[in-house]
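The values are calculated or read from the model by the stated rules, or taken from the named source; none is laboratory data. Only a predicted model underlies this, so the values are computations on that prediction, with no experimental measurement involved. Note that we place each Cβ from the backbone using ideal geometry, even for glycine, and neighbour counts take in every protein chain shown.
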Amino acid sequence: MTGEESDREFVDRALRRLPASAPSSGFEAGLRAGYAAWNADRQKGLWAALVGGLRGLSQTVWPGAPLWVPTSALAVALLVGAGLGAALPVATAATDSGFSLEQPQSFSLVASDMTSEEDF
Amino acid sequence: MHDPDAEDVAKAGQGDGTAAARLIGRHASKLFTVARRMLGAQAEAEDVVQEVFLRLWTHAARWQPGKAKFETWLYRVMLNQCYDRLRRRSAVPLEAAEDIADEAAPPDAGLDDGVLSQEIGRALEDLPERQKAAILLCHFRELGNGDAAEIMGISVEALESLLARGRRNLRSRLEHLKEVLGGGS
């Protein structure tokens, strides 16, 4: 047996004599409580971030006004827009002028109005 | 490589308490065993495990499964916490350090199991921190050299060298217990 193997065996024997160490009772419950506290903070943090973001936006749009003023103005504007959109008739399509910038006239080297080379 | 913890880590990061409890159940006591032997103090080991899990929760939502095995990350964080505490301890001036009674029994005393395990525990605690970590990971966690090396952030060759030095060192500290521990050479 080499010195290294003999060291390993000796140390393994020694470490086996160590008593098993167990955490105190309620340790895992404490860890779970730690998770619950972290989770509660996280949720509070998400809500605070949302409110903070809205408040920052409202101060940009309407400086000095409380949060409910720009929020209400936005809500009223949305309602008016939606109401008008629902009440007004759909616009009829524009009459076809035969010309569109989006659809250029087709072009061919063999143009349909040049019936044959004999025309030259 | 399938990591059985990856799914639970992601769920815990999104607020799933059941997934968090599963992770705690799978890893807390194993982490504690190694931390307890690293630090030699029950309360400090519990604090370390608590800190490891707090760090886990704050990182869980950003966990990227493919990057590293979860257990490797967990043990690495735990070891770093233990190293920090051991270094802080050694930075305490001698005048401020508590007197530690020398409870070592004389070599020829008839050792009962309690005294014997105390002696072994103390010899282990006195090892240099990295040698101790290598021995603990391989002995208590029964990790392969590759996994233990990854946790410690070193090559397998460096780990084997640490293990060899650690075992030689521990053996020389326990040489006077050779007869009690059995085995010769």
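Of the residues making up region A:1-58, those that are of a type in the set (Asp, Glu) and closer than 25 Å to residue B:51 by Cα are A:28, A:41. Flag: residue A:49 matches the condition of being within 22 Å of the chain's Cα centre (by Cα) and either among the aliphatic types (A, V, I, L, M) or under 30 Å from residue B:163 (Cβ atoms) (or both). The residue pairs whose first member lies in region B:24-43 and is without any contact (Cβ under 8 Å) to a residue 12 or more places away in the chain, whose second member is assigned to a helix (DSSP H, G or I) and surrounded by 23 or more Cβ atoms within 10 Å (Cβ to Cβ), and whose beta carbons are closer than 7 Å, counting only pairs six or more residues apart or on different chains, are B:36/B:45; B:42/B:36. Consider residue A:21 carefully, then state whether it is exposed (fewer than 12 other Cβ atoms within 10 Å of the Cβ) and either over 22 Å from residue B:123 (Cβ atoms) or at pLDDT below 85 (or both). No; evaluated as a whole, the condition is false for this residue. Scanning region B:145-185 for residues that are acidic (Asp, Glu) and either away from chain A (no Cβ under 13 Å) or under 19 Å from the mean Cα position of the chain (by Cα) (or both) yields B:147, B:150, B:157, B:160. Restricting attention to region A:58-80, does a residue exist that is under 30 Å from residue B:32 (Cα atoms) and at pLDDT 80 or above? Within region A:58-80, not a single residue is under 30 Å from residue B:32 (Cα atoms) and at pLDDT 80 or above.
Residue count for region B:36-49 satisfying the condition of being buried (at least 17 other Cβ atoms within 10 Å of the Cβ) and at the interface with another protein chain (Cβ under 9 Å from one of its Cβ atoms): 5.
Residue B:28 passes every criterion in (1) buried (at least 16 other Cβ atoms within 10 Å of the Cβ); (2) more than 7 Å from chain A (Cβ to nearest Cβ); (3) in contact with a helix residue (DSSP H, G or I) (Cβ under 7 Å, 6 or more places away or on another chain) apart from (2). Could you say whether any residue in region A:29-42 is facing chain B (nearest Cβ under 7 Å), modelled with pLDDT under 85 and surrounded by 11 or more Cβ atoms within 10 Å (Cβ to Cβ)? There is no residue in region A:29-42 that is facing chain B (nearest Cβ under 7 Å), modelled with pLDDT under 85 and surrounded by 11 or more Cβ atoms within 10 Å (Cβ to Cβ).
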